[in-house]
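*Asks:* Before I ask anything, here is the structure I am working with.
The values are calculated or read from the model by the stated rules, or taken from the named source; none is laboratory data. Being a predicted model, the structure only gives us computed values, none of them experimental. Reconstructed Cβ throughout: ideal geometry from the backbone, glycine too, with neighbour counts over all protein chains shown. Remember, those area values only see protein heavy atoms, side chains included, never the ligands or the DNA or RNA. Shrake-Rupley method; radii C 1.70, N 1.55, O 1.52, S 1.80 Å.
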Amino acid sequence: MTDIAKGRKLQSWITREQMAGALFEAAVTIKIRTKDLMKWPDDDEHLHQYRISVRVARSLVKFIKPYQKRLQNQMLKDVLKELQDPTSRMRELDVLVPKLADEPELQAMCRDAQLARRAEFMRTLELPETQEKLALVEEQLKHILWKNSVHDNGIDRDALASRIDARREYCETTLETVDFDDQEAVHDLRKQAKALRYITRELAACLPENAGNVSGDMRKMQDKLGEWCDARVNAALVTEICGEAGAARAAAFQAEAETIMQEMKASRA
């Protein structure tokens, strides 16, 4: 083996270990966020940070599928999804409640629903089976089982960067072509863009500088997609929780969503 080949292989081993380090850090972060949330269960920000820590780990695990042994990868994806799913409604309520500050009666109704859902979640979080899932995730993220080829040869840094660039190009191309009236497609684009942001941030040590960076237009559109999604969900939640009493506010949220969508369409015209 030539010195150049030896150098490339060494770099590939280093890249693999850097990726392992990112996954180790993801495990540590989930553990810290879980402890913080259990210590301060009424703090919205601690719940948000716990949810983000699980989402980041899910994004990383999905991304490393080509390098990780199949059974461990699938198990981690399944368990992380089970941990994240119960937080979705709480996040939605956490976004909604401050938006109703100018309507105290509606805010009180939604705040009651928010606190009830959070209390239910905290009881679930404290259950032995949930704690076992968290311990399993921590153990497995800290001890990734690489495919034999990855174990022997590492991960090529340039190929890794190419995968990131392909994802970026997919997001930016899709942004130019997505049917904004297809709500499922728009929501999927938002998830893809968010996952790309998590991956490039967490794997920065493995990547060339600026790998995966999206354009300013893409970042602005991500923000708009988030606002659009929140407005739609706010309308649905107010209707569900407040009924007729929330009809006018639900209509206002829906109008806000429509305005944001028209702005997105106009920006591409």
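*Asks:* Quick one: D36 ticks every box in (1) over 23 Å from Q114 (Cβ atoms); (2) surrounded by 13 or more Cβ atoms within 10 Å (Cβ to Cβ); (3) acidic (D, E) bar one, so which box is it?
*Replies:* Of everything listed in (1) over 23 Å from Q114 (Cβ atoms); (2) surrounded by 13 or more Cβ atoms within 10 Å (Cβ to Cβ); (3) acidic (D, E), D36 misses just condition (1).
*Asks:* Do we find a residue being open to solvent by 30 Å² or more (accessible area, probe 1.4 Å), at pLDDT 85 or above, polar (S, T, N, Q) and in contact with a Lys or Arg (Cβ under 9 Å, 6 or more places away or on another chain) anywhere in region 226-235?
*Replies:* Taking region 226-235 first, the residues open to solvent by 30 Å² or more (accessible area, probe 1.4 Å) are 227, 230, 232-233.
Narrowing further to those that are at pLDDT 85 or above: 227, 230, 232-233.
Checking the rest, the ones that are also polar (S, T, N, Q) come to none.
So far as region 226-235 goes, no, none of its residues is open to solvent by 30 Å² or more (accessible area, probe 1.4 Å), at pLDDT 85 or above, polar (S, T, N, Q) and in contact with a Lys or Arg (Cβ under 9 Å, 6 or more places away or on another chain).
*Asks:* Please determine whether any residue of region 150-166 is under 26 Å from Q72 (Cβ atoms), open to solvent by 50 Å² or more (accessible area, probe 1.4 Å) and either of a type in the set (S, T, Y) or outside any helix (DSSP H, G or I) (or both).
*Replies:* Within region 150-166, one or more residues are under 26 Å from Q72 (Cβ atoms), open to solvent by 50 Å² or more (accessible area, probe 1.4 Å) and either of a type in the set (S, T, Y) or outside any helix (DSSP H, G or I) (or both).
*Asks:* A follow-up question, please. Restricting attention to region 167-181, report how many residues are open to solvent by 60 Å² or more (accessible area, probe 1.4 Å) and either in contact with an Asp or Glu (Cβ under 7 Å, 6 or more places away or on another chain) or in a helix (DSSP H, G or I) (or both).
*Replies:* Pass one, region 167-181, residues open to solvent by 60 Å² or more (accessible area, probe 1.4 Å): 167, 169-170, 173, 176-177, 179, 181.
Filter once more, keeping what is either in contact with an Asp or Glu (Cβ under 7 Å, 6 or more places away or on another chain) or in a helix (DSSP H, G or I) (or both): 167, 169-170, 173, 176-177.
Of the residues in region 167-181, 6 are open to solvent by 60 Å² or more (accessible area, probe 1.4 Å) and either in contact with an Asp or Glu (Cβ under 7 Å, 6 or more places away or on another chain) or in a helix (DSSP H, G or I) (or both).
*Asks:* When the residues of region 101-121 are narrowed to those that are over 23 Å from R51 (Cα atoms) and touching a residue at least 24 places away in the same chain (Cβ under 8 Å), which ends up most open to solvent (accessible area, probe 1.4 Å)?
*Replies:* E105
*Asks:* Keeping to region 182-191, report how many residues are touching a residue at least 24 places away in the same chain (Cβ under 8 Å) and surrounded by fewer than 16 Cβ atoms within 10 Å (Cβ to Cβ).
*Replies:* Of all residues in region 182-191, those touching a residue at least 24 places away in the same chain (Cβ under 8 Å) come to 183, 186-187, 189-190.
Next cut, surrounded by fewer than 16 Cβ atoms within 10 Å (Cβ to Cβ) only: 183, 187.
Residues that pass the stated criteria total 2.
*Asks:* Same structure, new question: Looking at S88, S59, which is the one that is of a type in the set (G, A, S) and closer than 19 Å to A119 by Cβ?
*Replies:* Values: S59 fails: closer than 19 Å to A119 by Cβ.
Step by step, each of S88, S59 is checked, and only S88 is of a type in the set (G, A, S) and closer than 19 Å to A119 by Cβ.
*Asks:* Please find, among A166, A159, A204, A185, the residue that is within 19 Å of E25 (Cβ to Cβ) and small (G, A, S). Walk me through it before giving the result.
*Replies:* Working: A166 fails: within 19 Å of E25 (Cβ to Cβ); A159 fails: within 19 Å of E25 (Cβ to Cβ); A185 fails: within 19 Å of E25 (Cβ to Cβ).
Being within 19 Å of E25 (Cβ to Cβ) and small (G, A, S) holds for just one of A166, A159, A204, A185, which is A204.
*Asks:* Out of the residues in region 49-77 that are among the aliphatic types (A, V, I, L, M) and closer than 25 Å to N148 by Cβ, which is surrounded by the fewest Cβ atoms within 10 Å (Cβ to Cβ)?
*Replies:* Applying the first criterion (among the aliphatic types (A, V, I, L, M)) to region 49-77 yields 52, 54, 56-57, 60-61, 64, 71, 75-76.
Now drop any that are not closer than 25 Å to N148 by Cβ, which leaves 57, 60-61, 64, 71, 75-76.
Details: A57: 28, L60: 22, V61: 26, I64: 21, L71: 9, M75: 15, L76: 24.
Restricting to residues being among the aliphatic types (A, V, I, L, M) and closer than 25 Å to N148 by Cβ, the top hit is L71.
*Asks:* If you take the residues in region 122-146 that are of a type in the set (D, E, K, R) and open to solvent by less than 80 Å² (accessible area, probe 1.4 Å), which one is farthest from K39 (Cα to Cα)?
*Replies:* At the first step, the residues of region 122-146 found to be of a type in the set (D, E, K, R) are 123, 126, 129, 132-133, 138-139, 142.
Now restrict to residues that are open to solvent by less than 80 Å² (accessible area, probe 1.4 Å): 133, 138, 142.
Numbers: K133: 19, E138: 19, K142: 24 Å.
This residue is K142.
*Asks:* Turning to a different aspect of this structure: Filter region 201-215 for residues that are open to solvent by 30 Å² or more (accessible area, probe 1.4 Å) and either part of a helix (DSSP H, G or I) or at pLDDT 85 or above (or both) and give the result.
*Replies:* Matches in region 201-215: R201, E202, A204, A205.
*Asks:* Within region 125-148, which residues are β-branched (V, I, T) and over 16 Å from T29 (Cα atoms)? Spell out the reasoning first.
*Replies:* As a first pass, look at region 125-148 and keep what is β-branched (V, I, T): 130, 137, 144.
T130, I144, listed by residue number.
*Asks:* Next question. Could you figure out which of (1) open to solvent by 20 Å² or more (accessible area, probe 1.4 Å); (2) modelled with pLDDT of 95 or more isn't true of E45?
*Replies:* (2)
*Asks:* Under 7 Å by Cβ, and 6 or more places apart or on different chains, what pairs join a residue from region 46-68 that is under 13 Å from A195 (Cβ atoms) with one that is among the acidic types (D, E)?
*Replies:* V56/E202; L60/E202
*Asks:* Which residues, taken from region 216-269, are among the polar types (S, T, N, Q) and under 16 Å from D181 (Cα atoms)?
*Replies:* Q254, T259, Q262, S267
Rundown of residues vs (1) farther than 20 Å from A22 by Cα; (2) among the polar types (S, T, N, Q), yes/no style:
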{"residue": "F63", "(1), (2)": "no, no"}
{"residue": "N73", "(1), (2)": "no, yes"}
{"residue": "K77", "(1), (2)": "no, no"}
{"residue": "L80", "(1), (2)": "no, no"}
{"residue": "P86", "(1), (2)": "yes, no"}
{"residue": "E92", "(1), (2)": "yes, no"}
{"residue": "P98", "(1), (2)": "yes, no"}
{"residue": "D102", "(1), (2)": "yes, no"}
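*Asks:* For R91, which of the numbered conditions (1) farther than 30 Å from V233 by Cβ; (2) at pLDDT below 95; (3) within 17 Å of the chain's Cα centre (by Cα) fails to hold?
*Replies:* (1)
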